[in-house]
Amino acid sequence: MSLLFLLCFVGVMGCDKSTPVAATQPVATSQPATQSGPATLVIGGEPSEFAFTQLTVSREAGAIHLILIGKDRPADPQSSFYFDLTLDGDDPEAIAGQSWAFKSTEFTPTDASVGIFLAGGAIKLVPDAFTLTFGGDYPNLTVTLTGEFLRDGDEVKRIKASGTFDVVGREK
């Protein structure tokens, strides 16, 4: 009996309690994003963050209609961007790999609702010449914006803007 007691005592004393015991934990798996992330655009050399982005996708007679929106955190004054465009094709899976380019002319007036709006809309950057390029796999897309905008529509006040960000496409 004393030998059994001694073996139990040595067994308990010999345990290294500082060694963590491995617990069974679920392995993280990569799942598709369900929400769009923030966007950072470099505008006139200064970064501007838009905390919320949204890409609405709809099919229209052999084309894919996209509305791309970015908004700042709810604050005064709130900054935002809004782009309304149409791509070729009728399947949203075809968005990735496509680019959409815009070049203003005196014959192509720019829709007043399209552009980048800073300081609550006090500063409006009207599109002059820019490109949106889409990468990734639908619905999880990467958008790259590069181009020039006209500050408040003034031809003399050209502002460069660029940025790459992730967005989740949502069919309407």
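Tabulated results
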{"read-out": "Whichever residue in the range 110-154 is at pLDDT below 90 and surrounded by 14 or more Cβ atoms within 10 Å (Cβ to Cβ) and, among such residues, is farthest from the chain's Cα centre (by Cα)", "value": "Gly153"}
{"read-out": "Test for Thr34: is it among the β-branched types (Val, Ile, Thr), modelled with pLDDT under 50, assigned to a loop (DSSP other than H, G, I, E, B) and more than 20 Å from Ser162 (Cβ to Cβ)", "value": "no"}
{"read-out": "Where a residue in the range 147-159 is under 14 Å from Leu118 (Cα atoms) and its partner, wherever it lies, is at pLDDT below 90, with Cβ under 6 Å and at least six apart", "value": "Arg151/Lys157"}
{"read-out": "Residue match in the range 101-109 (condition: loosely packed, with under 14 Cβ neighbours inside 10 Å, among the polar types (S, T, N, Q) and not in a loop (DSSP other than H, G, I, E, B))", "value": "yes"}
{"read-out": "Filtered residues of the range 155-172 (kept if within 17 Å of Ile43 (Cβ to Cβ) and at pLDDT 95 or above)", "value": "Ile159, Lys160, Ala161, Ser162, Gly163, Thr164, Phe165"}
{"read-out": "Residue check, Ala96 surrounded by 16 or more Cβ atoms within 10 Å (Cβ to Cβ), assigned to a loop (DSSP other than H, G, I, E, B) and either in contact with a Leu (Cβ under 6 Å, 6 or more places away or on another chain) or not β-branched (Val, Ile, Thr) (or both)", "value": "yes"}
{"read-out": "Tabulated pairs, the range 111-137, first closer than 28 Å to Pro92 by Cβ and part of a strand (DSSP E or B), second at pLDDT below 90 and β-branched (Val, Ile, Thr), C-beta under 8 angstrom, 6+ apart or interchain", "value": "Pro127/Thr110"}
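The values are calculated or read from the model by the stated rules, or taken from the named source; none is laboratory data. None of the values given here were measured: they were computed from a predicted structure. With ideal geometry, Cβ positions are generated from the backbone for all residues, glycine too; neighbour counts draw on all protein chains shown.
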